[in-house]
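This report refers to the structure that appears directly beneath it.
The values are calculated or read from the model by the stated rules, or taken from the named source; none is laboratory data. Note that the structure is a prediction, hence the values are computed from the model and not measured. The area values use the complete protein model at the heavy-atom level, side chains included, leaving out ligands, DNA and RNA. Shrake-Rupley method; radii C 1.70, N 1.55, O 1.52, S 1.80 Å.
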Amino acid sequence: MLFQQIAASVAEHEERAPLWAEPWVFGIVMFAIFVVLMFVTLSYTNLGNRHTAVDEHADPHRQHPNKHDHGQGH
């Protein structure tokens with residue numbers, strides 16, 4: 001049954017929708033967008049080196065390491 005539907009749809013040969021540009025233009029535009037996004041991503045690679053590293057406050061009385069300490073406390 002499925003093969004009959006496929007054969008019938010191929011036999012009809014519907015007219016394709018018109019494109020506003022050649023097919024290769026779509027590929028070039030997508031490639032350019034991805035290149036721009038790549039450079040935006042690469043611009044953030046040096047973000048961690050912007051400030052000097054600060055040593056973590058060592059609390060000898062802490063029994064469980066708090067990975068989410070945002071400067072609260074002592």
query = Does Arg16 satisfy being open to solvent by 100 Å² or more (accessible area, probe 1.4 Å), part of a loop (DSSP other than H, G, I, E, B) and at pLDDT below 90?
reply = yes
query = Looking at (1) modelled with pLDDT of 75 or more; (2) open to solvent by 100 Å² or more (accessible area, probe 1.4 Å), can you tell me which one Gln63 breaks?
reply = (1)
